[in-house]
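Asker: Here you go, one structure.
The values are calculated or read from the model by the stated rules, or taken from the named source; none is laboratory data. Note that this is a predicted model, so its numbers are computed, not measured. For neighbour counting, all protein chains shown are included, and Cβ atoms are generated from backbone atoms with ideal geometry for every residue, glycine included. To get the accessible areas, we keep the full protein, side chains included, count just its heavy atoms, and leave off ligands, DNA and RNA. Shrake-Rupley method; radii C 1.70, N 1.55, O 1.52, S 1.80 Å.
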Amino acid sequence: MPSTAVLLSAGLDSAVLAVREARHGLVHPIYVRAGLAWEAEERNALDHLLAHPAYAGMAPLAELTFTVRDLYPDSHWAIRGEPPGFDTPDEDVYLTGRNVILLSKAAIHCARHGISRIAIGPLDGNPFPDATPEFFATMAKALSLGLAHEIVIDAPFAQASKAEVITLGVSLGVPLGDTLSCMNPRQGLHCGQCSKCRERRDAFHEAGVEEPTRYAVAPAR
């Protein structure tokens, strides 16, 4: 049975990706802690998500650590837990080296466990330099050489919008209301005031799907 490691946060995109991949083989979910402000809430949401029947049959979650607290200053918004505002562009929430960190740590885990394919969930229009096809291909080659173990990095949603991922998630039975796509969550609630909450709200509207998200403050319409 083919095996795929899926970089899984509690976010909507990776949550749908994991269930999609499970239709084709054994999924090894990986969560990487990096010392960011929202991770405790995200990790709690992920436990709740993985208890849903849609995730039955997957391998146990591998939880890895690669801290950025010695790379980002204490004043960084992702360390403070004060993300840029609701209408800010994606470029304002760029986390330097984010996919470098995730893929490096995941690839070492995969090499040790005989897994060759890593699936990651960036969407169409992602503006960041570590989410391009060229980056993924080059990173896979470097990791394969450095680990003496073939690594393939796949981004199945690279041509999809978030609305299309939501539609797919509904068809796969993913509990979208249990996902967490927020940079400032509180007690399991989306803040409703960060740009990730805006993207989420807009995508449900575009998909024509009733939004199940619980917000601390309802996003502006």
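Asker: Suppose the filter is closer than 30 Å to G114 by Cα, touching a strand residue (DSSP E or B) at 6+ places or on another chain (Cβ under 9 Å) and open to solvent by less than 60 Å² (accessible area, probe 1.4 Å); does L143 pass it?
Answerer: Answer is yes for this residue.
Asker: Just checking, does region 211-219 include any residue being among the aliphatic types (A, V, I, L, M), touching a Phe, Trp or Tyr at 6+ places or on another chain (Cβ under 7 Å), part of a loop (DSSP other than H, G, I, E, B) and within 27 Å of P83 (Cα to Cα)?
Answerer: No, because not a single residue in region 211-219 is among the aliphatic types (A, V, I, L, M), touching a Phe, Trp or Tyr at 6+ places or on another chain (Cβ under 7 Å), part of a loop (DSSP other than H, G, I, E, B) and within 27 Å of P83 (Cα to Cα).
Asker: Another question, if that's okay. Just checking, which of F66, F86 is in contact with a Lys or Arg (Cβ under 7 Å, 6 or more places away or on another chain), more than 27 Å from L143 (Cα to Cα) and of a type outside the set (S, T, Y)?
Answerer: None of the others qualify; the one that does is F86.
Asker: Another one. Which of the residues belonging to region 39-56 are open to solvent by 60 Å² or more (accessible area, probe 1.4 Å) and among the aliphatic types (A, V, I, L, M)?
Answerer: Correct list: A40, A51, A56.
Asker: Among the residues of region 164-175, how many are open to solvent by 10 Å² or more (accessible area, probe 1.4 Å) and in a helix (DSSP H, G or I)?
Answerer: Total satisfying the criteria: 6.
Asker: Which pairs have Cβ atoms under 8 Å, sit 6 or more apart or on different chains, and link a residue in region 87-101 that is at pLDDT 85 or above to one that is surrounded by 13 or more Cβ atoms within 10 Å (Cβ to Cβ) and among the basic types (K, R)?
Answerer: Pairs found: V93/K196.
Asker: Let me ask another. Out of S161, S195, report the one residue that is among the polar types (S, T, N, Q), buried (at least 17 other Cβ atoms within 10 Å of the Cβ) and more than 16 Å from L49 (Cα to Cα).
Answerer: S195 is the lone residue from the list that is among the polar types (S, T, N, Q), buried (at least 17 other Cβ atoms within 10 Å of the Cβ) and more than 16 Å from L49 (Cα to Cα).
Asker: Still on this structure, please answer the following. Look through region 115-135, keep the residues that are in contact (Cβ under 8 Å) with a residue 12 or more places away in the chain and more than 23 Å from A163 (Cβ to Cβ), and return whichever of them is most open to solvent (accessible area, probe 1.4 Å).
Answerer: Selected residue: R117.
Asker: Kindly list, by first and then second residue, each pair from a residue in region 39-66 that is farther than 21 Å from S3 by Cα to a residue that is polar (S, T, N, Q) and outside any strand (DSSP E or B), limited to pairs with Cβ atoms under 6 Å and residues at least 6 apart or on different chains.
Answerer: Short answer, once both residue conditions are applied: E42/S9.
Asker: For region 57-106, name all the residues that are exposed (fewer than 12 other Cβ atoms within 10 Å of the Cβ), small (G, A, S) and touching a strand residue (DSSP E or B) at 6+ places or on another chain (Cβ under 7 Å).
Answerer: none
Asker: Right, next: Would it be correct to say that P29 is under 29 Å from G177 (Cα atoms) and not hydroxyl-bearing (S, T, Y)?
Answerer: yes
Asker: If you check R201 against the conditions, is it open to solvent by less than 50 Å² (accessible area, probe 1.4 Å), of a type outside the set (A, V, I, L, M, F, W, C) and outside any loop (DSSP other than H, G, I, E, B)?
Answerer: yes
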